[in-house]
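For reference, the structure discussed in these notes is given below.
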Amino acid sequence: MRGQWALLRGLSSGRDNPLRRATDRREAWVALGALLLLVIGAPAAGWAGGSLADDALQQSVRAQHQERHPVDAVVVGRAPGRERYVGDPEDGSERAARIRVVASWQAPDGSRRTGEVATASRIGAPGSPLRIWTDAAGLPVAPPMDGRAARSHAVLAGIGTFLLAAGCVEAGRRVVVGRMVRQRYARLDREWAAAGTDWGRAGTGG
């Protein structure tokens, strides 16, 4: 980035410098274009990526809330096995202990269901009430994603898009400038090779 600022200063201050080469001007213009993309293009890409992610996630949240329903169940007993840690959809970032229990609940068709469910709530004695989530068929499912958690994921997606765009701009600038520098050195080598046979002779070029 420091090299970009140096090239930009040279673009504005060395316009009438007779020692200024055409390649220097081209490199300065490349640096100016990259800077504009970093200042304008990368934030715009991050905003667009975050907005698209937020729209998709909020749509998923609405769909999950339509497909999943809270149901009052009754604890039958604790299922065998240890606690396991999974992401809590209500939080979106922290890891919560999910305890497997055997519960009984009523399906939408009125039938009674019994099975293992995962919960982060404190488990009471058999017969204690328990809130679980089920789908339209009455099968236990994970709680739907919270809208606030979806928004947090969208913000992270926007930041990631911004960093990716900025990295691509900087990588492209390095590739273009590197190719220009190699071409300049190759031209200098050819010019030195052409002048090498007469270099140092008296009256050369006189």
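Name the residue that is farthest from SER51 (Cα to Cα), counting only residues in segment 136-152 that are open to solvent by less than 40 Å² (accessible area, probe 1.4 Å) and not hydrophobic (A, V, I, L, M, F, W, C). Restricting to residues being open to solvent by less than 40 Å² (accessible area, probe 1.4 Å) and not hydrophobic (A, V, I, L, M, F, W, C), the top hit is GLY138. Looking only at residues in segment 97-109 that are of a type outside the set (Val, Ile, Thr) and within 10 Å of ALA73 (Cβ to Cβ), the one that is most open to solvent (accessible area, probe 1.4 Å) is GLN106.
Residues VAL169, VAL181, VAL155, VAL176: which one is assigned to a helix (DSSP H, G or I), at pLDDT below 85 and surrounded by 10 or more Cβ atoms within 10 Å (Cβ to Cβ)?
Being assigned to a helix (DSSP H, G or I), at pLDDT below 85 and surrounded by 10 or more Cβ atoms within 10 Å (Cβ to Cβ) holds for just one of VAL169, VAL181, VAL155, VAL176, which is VAL181.
Within segment 88-101, not a single residue is more than 22 Å from the chain's Cα centre (by Cα), of a type in the set (D, E, K, R), closer than 30 Å to ALA136 by Cβ and at pLDDT 85 or above. Taken as a whole, the structure places ARG122 among residues that are free of Cβ contacts under 8 Å to residues at least 12 places away in the same chain, outside any strand (DSSP E or B) and surrounded by fewer than 16 Cβ atoms within 10 Å (Cβ to Cβ). Residues of segment 125-135 that are surrounded by 12 or more Cβ atoms within 10 Å (Cβ to Cβ) and assigned to a strand (DSSP E or B): LEU130, ARG131, ILE132, TRP133, THR134. Being among the small types (Gly, Ala, Ser) and either in contact with a helix residue (DSSP H, G or I) (Cβ under 8 Å, 6 or more places away or on another chain) or surrounded by 13 or more Cβ atoms within 10 Å (Cβ to Cβ) (or both) holds for only one residue in ALA63, ALA73, and it is ALA73.
Table: residues versus (1) within 30 Å of the chain's Cα centre (by Cα); (2) within 19 Å of VAL75 (Cα to Cα).
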site: SER111; (1), (2): no, yes
site: SER128; (1), (2): no, yes
site: THR134; (1), (2): no, yes
site: ALA142; (1), (2): yes, yes
site: HIS153; (1), (2): yes, no
site: LEU164; (1), (2): yes, no
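The values are calculated or read from the model by the stated rules, or taken from the named source; none is laboratory data. Please read these numbers as outputs of a predicted model, since none were measured by experiment. Methodologically, a virtual Cβ is constructed for each residue, glycine included, from the backbone with ideal geometry; neighbour enumeration extends over all protein chains shown. Ligands, DNA and RNA are stripped out before the accessible areas are found, and what is left, the full protein with its side chains, is counted by its heavy atoms. Shrake-Rupley method; radii C 1.70, N 1.55, O 1.52, S 1.80 Å.
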